[in-house]
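Structure first, commentary second.
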Amino acid sequence: MPNNPNQESDKNLSRRNFFKLLSGVFTGFIAIVLAFPMFESIVGAITKKSKTIYYKIASLNSIPQEQPDNLPFVMTEEDAYIKYTQQETVWAVKKSAVDVTVYSPICPHLGCRFNWHPNQKLFICPCHHSVFNIDGKVISGPAPRPLDTLPKEVKNNFLYVLWERFKPGIAKKEII
């Protein structure tokens with residue numbers, strides 16, 4: 001018996017439909033895979049609470065009294081799905097056994113990093129020569145405000161600091 005042409009066209013049609021279905025499934029899968037991170041970033045940004053991480057800096061016993069100490073620490077940042085570590089420093093001035101002032105190492109004028117000059121007992125920014133005393137007050141130069149202090153905690157005789165960046169060049173201390 002000869003093959004019915006209608007049966008053959010039904011086979012081709014079902015094969016064609018199968019490939020249409022298969023390509024639709026793959027397209028849907030790819031769309032979901034690509035849409036999930038975008039949806040997560042939009043919804044996550046709305047519902048995500050800001051993380052306040054206090055980084056362990058140093059033992060209070062290791063910080064000299066009435067002498068600024070540049071203390072390094074490693075901080076971990078997370079940007080969406082990317083985690084990275086970064087080395088930072090802070091200036092700590094210990095005034096008593098438990099009283100410590102922590103300064104951001106970034107000059108409030110234009111964001112350069114300042115240094116302590118022990119012979120002069122001053123913080124001096126090498127970029128535009130803003131000068132600050134040990135209490136962070138502006139002695140001279142173009143800096144519009146005193147040195148920026150950072151929030152700190154002391155737990156079990158260790159100094160913890162909340163790293164923050166501030167807008168440079170303005171008189172008011174504003175977090176970036």
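Sorting Asp79, Asp69, Asp148 by solvent-accessible area of protein heavy atoms yields Asp79, Asp69, Asp148, largest first, with a 1.4 Å probe. Out of every Cα-Cα pair that the range 67-156 contains, those further apart than 17 angstrom amount to 52 percent. Computed with every protein chain present, the accessible area of Met75 is close to 10 Å² [probe 1.4 Å]. To put it simply, the accessible area of the range 60-148 at a 1.4 Å probe is 53 percent carbon and sulfur. Counting only residues at least eight positions apart within a chain, or on another chain, the aspartates and glutamates with an alpha carbon under 14 Å from that of Lys137 are Asp148. Each 5 Å bin from 0 upward holds the following percent of the Cα-Cα pairs of the chain: 1, 7, 12, 13, 12, 10, 7, 5, 4, 4, 3, 3, 3, 3, 3, 2, 2, 2, 1, 1, 0, 0.
Highest mobility in the GNM of the chain, judged by mean-square fluctuation with C-alpha springs under 10 Å and restricted to Pro68, Pro105, Pro142, is found for Pro142.
Using the alpha carbons alone, the radius of gyration of the range 57-114 stands to its Kirkwood radius in an Rg to Rh ratio of 1.07.
Suppose R0 equals 41 Å. What FRET efficiency, 1/(1 + (r/R0)^6) with r the Cβ-Cβ distance, do His117 and Val33 give to the nearest 0.05? Computed FRET efficiency for His117 and Val33: 0.15.
Its residue count N fixes a reference of 2.2 N^0.38 Å for the range 136-176, and the Cα radius of gyration divided by that reference is 1.44.
Note on the chain: with charges restricted to the Cβ of Lys and Arg (+1) and Asp and Glu (-1), its dipole about the Cα centre is near 200 debye.
Averaged over residues, the count of other Cβ atoms within 10 Å places the peptides 23-31, 128-136 in the sequence 128-136, 23-31, highest first. Taking 7 Å steps out from each Cα toward its Cβ at Asp99 and Asn133 produces label points 1.5 nm apart.
Ligands, DNA and RNA are left out, and with a 1.4 angstrom probe the accessible area of the range 65-137 is 54 Å² per residue.
Put simply, the amide H of Ile57, placed in the peptide plane, has neighbours under 5 Å in Leu159, Tyr160, Val161, leaving out anything fewer than 5 places away on its chain.
The values are calculated or read from the model by the stated rules, or taken from the named source; none is laboratory data. All values reported here derive from a predicted model rather than from experimental measurement. So basically every Cβ, Gly included, is an ideal-geometry build from the backbone, and we count neighbours across all protein chains shown. We work out accessible area using only protein heavy atoms, side chains counted, and drop any ligands, DNA or RNA first. Shrake-Rupley method; radii C 1.70, N 1.55, O 1.52, S 1.80 Å.
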